[in-house]
Amino acid sequence: MAPIKAALLGFGTVGQGVYESLKTHKEQLKSVLGSDIVIEAVLVKDGTKKRDIDENVRVTTDFEEILRIPDLQVVFEAIVGEEPGFTYLKKAIEKGCHVITANKVMFARHGKTLLNQASEAGVSVGFEATTAGGTPIIRSISQLLQVNNILSIEAILNGTSNYILSNMREKGLAFEDALKTAQKLGYAEADPVNDVEGFDAFYKLIILSELSFGYAPDWERVDRSGITHVAQNHIEVFKEWGYRIKHLAQIHHDSGELLASVKPVLLDAEHSLYGIEGVQNAVMIETSLAGKVTLQGAGAGKLPTASAMVEDLTYVFQSSRNNVFNKSCDVTHREDDEAKQSNKKQYAVIGPKPLTVNYVASNAIQVLRQEEKDGQFYSLITCWKEAADTLLIEANTQIYDVASSKEVHNREKEIKQVINL
């Protein structure tokens, strides 16, 4: 059979990984697809730079030259940022090419547009690499959605933040020192803002929301924060209490509203994501029939991301994809009293003074544990979200959500009254 002609947009870390993977796994791909995969051209920014690319492969800075390749069938896109990636993929789809992308920022904003366009053109869009690197979450959710409804998602979606938090806890490092270590090992960029401030995980959560629920929440209403405010003494105290701080992405329906957040959260040892360490990513999906399904794998890096893109290649040529973003999900709503009760959660509060008895009583806050360390008071409480929000009025106060699998009454050291230390 005639070879499958492909083009590669971008030759950074991910682009190089795709190029190398297609070469090293050439025979496996041929056995699956029945044809050789041939990279006809690579689009780069700087055409004068030396690269490890075969001489017979065209290297160009002009995307129009890519579009003029006869019988081009698939375009791999590994460019950073919304543009020019979005424009390039639109043009590739117009030409009748399948497209495969790892561009999470672009796809979070324009994924639905590309999928609609591809559906009309009779081609496919592969986007597994946009969310959790080598962890096959997109394909898994697509499979689950054939019968199940997805009720909620909890996920660790950024390997850099997870690595930093793991090292702060295990090695006693301050945030700045853990970040420097991550940068030295290549786990963090020179400018780490996208990772440590939660933007990377946010874009990935938006993609998962579109796929799982058929739409995404208003971007401005997503509760997003990073890990730069997580202090070493926070980690130490909560470790003694049996918790780990994880940068958690969450999305679920509550009384008909789609709620999403990306922020540091406390997890206990019984939580499925408690043991996810280092640069690993993991996603826990709660479904209507299958229950809770957890997937774990490498979240980033040259080869894990390239693996996702190459697997997408086999998928788009072996199956006809529907527009998965257009799925209409049936949402099971809780009864009103149950929905109200679900809003009563556990929180960890850190502030310069203890919670007062009068304040706790007037705001229906139950204090489960409280202690003082280095001039800061740490309180574990259960209350309505509105009551927890009022605590932030106090200066120098921080609050962590607790994603606990334990019932309050089972806690060994439950305290039913405030202890004034």
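Throughout, read-outs are computed from the coordinates displayed, never taken from laboratory work. Quick caveat: nothing in here was measured; it's all calculated off a predicted structure. Using ideal geometry, Cβ is built from the backbone for each residue, glycine included, and neighbour counts are taken over all protein chains shown.
Can you sort L313, L391 so the residue with the fewest Cβ neighbours within 10 Å comes first?
Details: L313 23, L391 20.
The most exposed by this proxy come first: L391, L313.
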* Structure fact -> Put in order of increasing Cβ neighbours within 10 Å, starting from the fewest, W241, W219 give W219, W241
* Give me the distance in nm between label points sitting 7 Å out from Cα along the Cα-to-Cβ direction at E277 and K45, one decimal. => 3.7
* Structure fact -> A174 and E270 label points (each 7 Å along its Cα→Cβ direction) are spaced in nm at 3.8
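What full-extension length gain, to one decimal in nm, is calculated for E257 and Q398 as 0.36 nm per residue of separation minus the Cα-Cα distance? Could you put the intermediate results ahead of the total?
Values: separation 141, 0.36 × 141 = 50.76 nm, distance 2.59 nm.
Here the answer is 48.2 nm.
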* Measuring from label point to label point, each 7 Å out along Cα→Cβ, what is the W219 to V147 span in nm? -> 3.7
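Rank by packing, highest mean first: peptides 205-215, 185-195, 49-59, 88-98, with packing defined as the count of other Cβ atoms within 10 Å averaged across residues. Don't jump to the answer; show the numbers that get you there.
Values: 205-215: 22.6, 185-195: 15.5, 49-59: 11.0, 88-98: 20.4.
Packing proxy ranking, top to bottom: 205-215, 88-98, 185-195, 49-59.
Taking the Cα centre as origin and putting +1 on Lys and Arg beta-carbons and -1 on Asp and Glu beta-carbons, what dipole magnitude results for segment 134-182, to the nearest 20 debye? Walk me through the intermediate numbers first.
Values: 4 positive and 4 negative charges, 24 e Å.
With only Lys, Arg, Asp and Glu charged at Cβ, the dipole is about 120 debye.
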* Structure fact -> In deg cm²/dmol, rounded to the nearest 500, the helical mean residue ellipticity at 222 nm of the chain, built from -39500 (n - 2.57) for every DSSP H run of length 4 or more, is -10500 deg cm²/dmol
* If you bin the C-alpha pair distances of segment 179-219 every 5 Å from 0, what whole percents do you get? -> 6, 23, 19, 16, 12, 10, 10, 4
* Structure fact -> Checking rank on 144-153, 13-22, 303-312, with mean other Cβ inside 10 Å and highest first, the result is 303-312, 13-22, 144-153
* Asked: To the nearest 20 debye, what charge dipole does the chain have about its Cα centre, counting +1 at the Cβ of each Lys and Arg and -1 at the Cβ of each Asp and Glu?
  -> 420
* Rounded, prolate or oblate: which fits segment 4-126 when a ≥ b ≥ c are the square roots of the eigenvalues of the alpha-carbon gyration tensor, with rounded for a/c under 1.5 and prolate only if a/b beats b/c? -> oblate
* Asked: Hey, how many Å between the Cα centroid of segment 104-166 and the Cα centroid of segment 1-73?
  -> 24
* **Positive-pole candidate from P3, G198, L144, dipole of the chain, charges at beta carbon** => P3
* **For segment 22-38, 3J(HN,Hα) per residue [Karplus equation, 6.51 cos²θ - 1.76 cosθ + 1.60, θ = phi - 60°, Hz, x = Gly/Pro]** => 5, 7, 6, 10, 4, 5, 4, 5, 5, 5, 7, 9, x, 8, 6, 9, 10
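Show me the ranking of peptides 247-255, 365-373 by mean Cβ neighbours inside 10 Å, starting with the highest.
Working: 247-255: 20.0, 365-373: 17.0.
My ranking of the peptides, most packed first, is 247-255, 365-373.
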* Under a 5 Å amide H to amide H cut-off, with H placed in plane at 1.01 Å, what residues pair with L258 once short-range neighbours are removed? -> none
* **Amide H contacts of H271 (H built 1.01 Å from N, under 5 Å, at least 5 apart or other chain)** => S405
